[in-house]
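Derivation of every value follows stated rules applied to the coordinates shown; laboratory data play no part. As the structure is a computational prediction, the values presented were derived from the model and not from experiment. Quick reminder, even Gly has a Cβ in these numbers, built from the backbone with ideal geometry, and neighbours come from all protein chains shown.
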Amino acid sequence: MKNLRPAVNLFPLTSLWDKLYPGEQRVRDGLLRFLASARHRLPAGTGTPFDPSGLVYCCYGEAFFSESHPTALDALADQLERLHSLGVRTLWTLPLLRSPGRDGGFDTSGYEEVDARFGGNPAFLRLLERARQAGILVVFDVAVNHTSEDHPWFISARSSRSSAHRSWYHWSDDDRRYAGAPHIFTGLVDSNWSWSAEAGQYYFHRFYPFQPDLNYAEPAVTAAMCRVLAGWRIAGVQGFRLDAAPMLWKKEGTSCEGLPETHLVLKIFRAALDLLGGNTVLLAEANQPAAALREYFGEGDECNAAFHFPLLPLLWQAMVEEKPGVLVQARFPQLPPGCTWFTFLRCHDELTLELLPPEPRTKVMQALCRQPSWSFRGGLGISGRLFELLGRDPDRTVLAFSVLFSLPGTPVLYYGDEAAAGNNESYYRQKIRSTGFDDSRFLHRGPLEPGHAERAAANPDSPAGRVLRGLRRIIEARALVHGLAEVPPTLEASGPVLIAERRAAGRTLVALSNLSARSVEARGRLLAPYECLWEVS
């Protein structure tokens, strides 16, 4: 190889590549040349360090759209000061890349440009600069497992069996391959294969038929995705959420999830980004049991953050059954240095319950799924906003935040939940008409009513104001002593009360959360129904 600076250590990337693609050098060397050139274009000193004790705020590009802003992303940029004051240190933007928008942007038709409906690349670059000035790191969502059927790669692939992109996707003369791969959208999609009349073959998709899966057994696919990630890293994005991370590699006779080859692909992504220099957050979306989830961190050479999916249903089981003991027993496998769990109450997807045994799953479903239309994937999940799931009860909503913030990890706030946003029924109905699928997740997607958070702040005694005020109290107590929020808590269950205690620098933070509808005593304090108390001593 020529024109590579001596300081660049190529061994991690080349060794991983040679293990995954033995004997393949042409695509590998082209990728190395690209990264060597790209490394010189990464701006120095412009990044915001990732703060695991801060909050992560998750939102869509159109979340705060209003007619008074030139673009949706300019409207989002105007929220950054408010979010920073709330304690947000990381902004996780859901898919912004060019897309027909049939699955909330996860059907990507162009990886190099932000969709025009959000304001395109110019508006996104303005958002990045505003975030840098505000001290907020931006994590960017990339659908690495699949594309839209409208992506040029797939259009080329289906046009001819001799197309250069044909091998970039999975094709078959029948629909019987990969039979061990579960159907994800139970009740919406009944097969992982769809027929393409133009291609004269079936193509494989784990999600909707308009989202064909990429074939990472083709080295050019892995190299192309490395270039995508590197390009946005140079533009100023400091982290990437890797959508459907476990599903990248397909192999006959397996579930096509969490295979060793998938981990090699993720490690190649990490090694490629490390070659650029600077710290990049790689966030795994892997709905797996705790032990399997730990594998996505590797030895610090894979992802450095992952959503703690097993915790989510346990948290809701504890709330519904008023038994915090299940949280005390929750597993948090030890992570490599510099890595963290992302914990959450809600996200853009459903409240997934598939990791719960049948009996507690039924209890949670009966308690939270208040309308039949909220059910998702045949009863394996529940759609709807946090405030709606909790019966529009401000006290229980603040309690849910208290439980979340009591646990280890970096908490994620889903946009609007901080101010008790409700379900968006009109957006849901609109999406049924435009997509042809009754996907209940659209209940908690789409733009918020303009000024919603500001009205909550101006009316502290309103239901939304009470939620915002209670959340702020928790965040302020958590941040009162520097470094205290990062300390793993000691968890204890006292009847229906979850007790979380953190100690650092001679100070102690104690959080008491009463999960029950009755008054109870804990640590010498009388807690009202659903009351939470945070104290620093």
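With only Lys, Arg, Asp and Glu charged, each at its Cβ (+1 for the first two, -1 for the last two), find how big the charge dipole of segment 126-271 is about the Cα centre; round to the nearest 20 debye.
For this selection, approximately 680 debye.
Quick query: amide H of SER148 versus all other amide H atoms, modeled in the peptide plane; which residues come in under 5 Å with a sequence gap of 5 or more or a different chain?
Under 5 Å from the amide H of SER148 lie the amide H atoms of THR108, SER109, each far enough along the sequence or on another chain.
How far is the Cα center of segment 98-131 from the Cα center of segment 294-315, in Å?
Between the Cα centre of segment 98-131 and that of segment 294-315, the gap is 27 Å.
Where nothing but the Cβ of Lys and Arg (+1) and of Asp and Glu (-1) is charged, how large is the charge dipole of segment 291-365 around its Cα centre, in debye to the nearest 20?
Computed about the Cα centre, the dipole is about 280 debye.
Taking only C-alpha pairs under 8 Å that are 6+ residues apart, what is the relative contact order of segment 410-496 in percent?
25 percent
With everything on Cα atoms, drop me the angle between helix 463-478 and the longest principal axis of the chain, reported from 0 to 90° to the nearest 10.
Roughly 80 degrees between the two axes.
Would you be so kind as to identify which of TRP153, PHE34, ALA500 lies farthest towards the positive end of the dipole of the chain, taking Lys and Arg as +1 and Asp and Glu as -1 on Cβ and the Cα centre as origin?
Of the candidates, PHE34 comes out farthest on the positive side.
What is the distance in Å between the Cα centres of segment 456-492 and segment 507-537?
14 Å
When ILE155, ILE382 are ordered from fewest to most other Cβ atoms inside 10 Å of their Cβ, what list results?
The most exposed by this proxy come first: ILE155, ILE382.
Taking 0.36 nm per residue of sequence separation and subtracting the Cα-Cα distance, how much length would be gained by fully extending the chain between LYS363 and ASN9, in nm to one decimal?
On the way: separation 354, 0.36 × 354 = 127.44 nm, distance 5.32 nm.
Answer, rounded to one decimal: 122.1 nm.
Sum up the charges of everything whose Cβ sits under 13 Å from the Cβ of ARG132, counting Lys and Arg as +1 and Asp and Glu as -1, but leave ARG132 out.
Charge balance near ARG132 sits at +2.
How much FRET efficiency would the formula 1/(1 + (r/R0)^6) give for PHE437 and GLU501, where r is the Cβ-Cβ distance and R0 is 30 Å, rounded to 0.05?
0.05
Can you sort ASP349, ASP18 from fewest to most other Cβ atoms within 10 Å of each residue's own Cβ?
Final ranking by Cβ density, sparse to dense: ASP18, ASP349.
Give the lysines reachable from LYS19 as a straight Cα distance under 27 Å; neighbours fewer than 8 places away on the same chain don't count.
Within reach: LYS2, LYS250, LYS251, LYS267.
Just grab the label-to-label distance for ARG26 and GLU454, each label 7 Å out from Cα along the Cβ direction, in nm (one decimal).
With each label placed 7 Å out from Cα toward Cβ, I get 5.8 nm.
Determine the dipole magnitude for the chain: charges of +1 sit on the beta-carbon of Lys and Arg, -1 on that of Asp and Glu, nothing else is charged, the reference point is the Cα centre, and the result goes in debye to the nearest 20.
That gives the chain a dipole magnitude of about 820 debye.
Please list, in chain and number order, the residues 5+ apart from ASP141 or on another chain whose amide H is under 5 Å from its amide H, with Hs placed from the backbone.
THR93, LEU96, ARG241
Report, in whole Å, the centroid distance computed from the Cα atoms of segment 372-407 and segment 179-247.
29 Å
Which value at 222 nm does the chain reach when only helices count, each DSSP H run of 4 or more adding -39,500 (n - 2.57), with the total divided by all residues and rounded to the nearest 500 deg cm²/dmol?
Taken over the chain, the calculation gives -9500 deg cm²/dmol.
Can you sort THR508, THR340 from fewest to most other Cβ atoms within 10 Å of each residue's own Cβ?
Values: THR508 14, THR340 21.
Fewest-to-most Cβ neighbours within 10 Å comes out as THR508, THR340.
Just name one of ASN304, GLN133, TYR178: the one whose Cα is farthest towards the positive end of the charge dipole of the chain (beta-carbon charges, Lys/Arg +1, Asp/Glu -1).
Going by the Cα projections, it comes out as GLN133.
Add +1 for every Lys or Arg and -1 for every Asp or Glu among the other residues with Cβ under 11 Å from the Cβ of GLU62, and state the total.
Net charge around GLU62: +1.
Where in the chain lies the longest segment free of GluC sites (Glu not before Pro) that are both loop residues by DSSP (not H, G, I, E, B) and have at most 11 other Cβ atoms within 10 Å?
Longest gap between qualifying sites, sites excluded: 300-537.
Rounded to the nearest 10 degrees, what's the angle between the helix 311-321 long axis and the longest principal axis of the chain, both from Cα atoms, 0 to 90?
For 311-321 against the chain, the angle is about 30 degrees.
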